[in-house]
Ligand SMILES: [Zn+2]
């Protein structure tokens, strides 16, 4: 009888229509878990359920699908996959899940403006493939999932996160939300920015570590940033990538770096072309 109730609760969590509903349902689940003596089993059960759903996504990760665009229930699964603290002791897991619920409630709100559709995303990915062979190079042996959220973030338009599996395969995740007008950039720009994060993560295999070579770009163009913490410098890298990736497209004029000197722009073009060629060597 009890087992049935747990299964229903877990299925109900996965069926959440958005992240705010997910937070409420997980909260309910945690309250139920805390009243139980078998916390470990139930957290493990939730993790197992998410892992099983993930293995279906992996079946779709192949050369014909260098990236996947997720909608509805798949987005919830992908989100849970990124936040569940696999392999922790149950007490630590509970704290971590609780922190994630608080984080959702503090940063997420109901949908505001419009959101990119699949067609817009495929157009951008096709442009990047054409310009850099982005999918063939950056996603050669790793995977990208672009999840379309039914919410807005309070202070941004998207998030990028990654998971490195034990076999060194990286799952890059971008969560695209409904546009927050006050953010000031079009959603296409946001997607390019996050794909810039996927690029540096792909090269260094660590989300907050940039390739050594970017130091030279900082010295030439962003001297003030030389002492910035890595978490800030990765943002400069992603904006530089966006600048180069948007050249020659209608997004060019919206780019915050568009006003830089043409020589600096040419330098960035050279730099990202160099990085792409280097990727060919490392992943050969
Ligand atoms: Zn960023």
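Pull up segment 110-133, narrow it to residues that are outside any loop (DSSP other than H, G, I, E, B) and within 18 Å of the chain's Cα centre (by Cα), then point me to the one that is farthest from residue 193 (Cα to Cα).
Filtering segment 110-133 for residues that are outside any loop (DSSP other than H, G, I, E, B) and within 18 Å of the chain's Cα centre (by Cα), the one farthest from residue 193 (Cα to Cα) comes out as 118.
Exactly one residue among 86, 81 is buried (at least 18 other Cβ atoms within 10 Å of the Cβ) and either in contact (Cβ under 8 Å) with a residue 24 or more places away in the chain or part of a helix (DSSP H, G or I) (or both), and that residue is 81. The residue of segment 203-217 that is nearest to the ligand (Cβ to nearest atom), among those that are part of a helix (DSSP H, G or I) and surrounded by fewer than 19 Cβ atoms within 10 Å (Cβ to Cβ), is 204.
Only one of the numbered conditions (1) loosely packed, with under 14 Cβ neighbours inside 10 Å; (2) farther than 19 Å from residue 174 by Cα is violated by residue 13, and that is (1).
Given the condition within 19 Å of residue 179 (Cβ to Cβ), within 16 Å of the chain's Cα centre (by Cα) and not in a strand (DSSP E or B), answer yes or no: does some residue in segment 134-149 qualify? The answer is yes, given that some residue of segment 134-149 is within 19 Å of residue 179 (Cβ to Cβ), within 16 Å of the chain's Cα centre (by Cα) and not in a strand (DSSP E or B). Every listed requirement among (1) more than 15 Å from the ligand (Cβ to nearest atom); (2) closer than 21 Å to residue 138 by Cβ; (3) touching a residue at least 12 places away in the same chain (Cβ under 8 Å) is met by residue 178 save one, (2).
Applying the set (1) under 22 Å from residue 131 (Cα atoms); (2) in a helix (DSSP H, G or I); (3) within 14 Å of the ligand (Cβ to nearest atom) to residue 256 leaves exactly one unmet item: (2).
Has segment 166-173 got any residue that is more than 15 Å from the ligand (Cβ to nearest atom) and under 12 Å from the mean Cα position of the chain (by Cα)? Looking for residues that are more than 15 Å from the ligand (Cβ to nearest atom) and under 12 Å from the mean Cα position of the chain (by Cα), one finds at least one in segment 166-173, hence yes.
The sole residue among 185, 200 that is out of contact with any strand residue (DSSP E or B) (no Cβ under 8 Å at 6 or more places or on another chain), outside the structural domain of residue 22 (by TED's automatic domain parsing), part of a loop (DSSP other than H, G, I, E, B) and within 16 Å of the ligand (Cβ to nearest atom) is 185.
Of all residues being surrounded by fewer than 21 Cβ atoms within 10 Å (Cβ to Cβ) and out of contact with any helix residue (DSSP H, G or I) (no Cβ under 6 Å at 6 or more places or on another chain) in segment 129-142, which is nearest to residue 270 (Cα to Cα)? Just the residue, please. Among those that are surrounded by fewer than 21 Cβ atoms within 10 Å (Cβ to Cβ) and out of contact with any helix residue (DSSP H, G or I) (no Cβ under 6 Å at 6 or more places or on another chain), it is 131. The condition of being closer than 14 Å to residue 196 by Cβ and in contact (Cβ under 8 Å) with a residue 60 or more places away in the chain holds for only one of 272, 241, that being 272.
With respect to residue 241, is the statement that it is farther than 24 Å from residue 163 by Cβ and within 16 Å of the ligand (Cβ to nearest atom) true? So residue 241 fails the test.
Among the conditions (1) at pLDDT below 95; (2) in a helix (DSSP H, G or I); (3) closer than 22 Å to residue 134 by Cα; (4) within 14 Å of the ligand (Cβ to nearest atom), residue 231 misses just one, which is (3).
For residue 178, state whether it is outside any strand (DSSP E or B) and closer than 20 Å to residue 246 by Cα.
no
For residue 179, the test of being surrounded by fewer than 23 Cβ atoms within 10 Å (Cβ to Cβ) and either touching a strand residue (DSSP E or B) at 6+ places or on another chain (Cβ under 8 Å) or under 20 Å from residue 72 (Cβ atoms) (or both) is passed.
The values are calculated or read from the model by the stated rules, or taken from the named source; none is laboratory data. All values reported here derive from a predicted model rather than from experimental measurement. All Cβ positions, glycine included, derive from the backbone under ideal geometry; neighbour counts span all protein chains shown.
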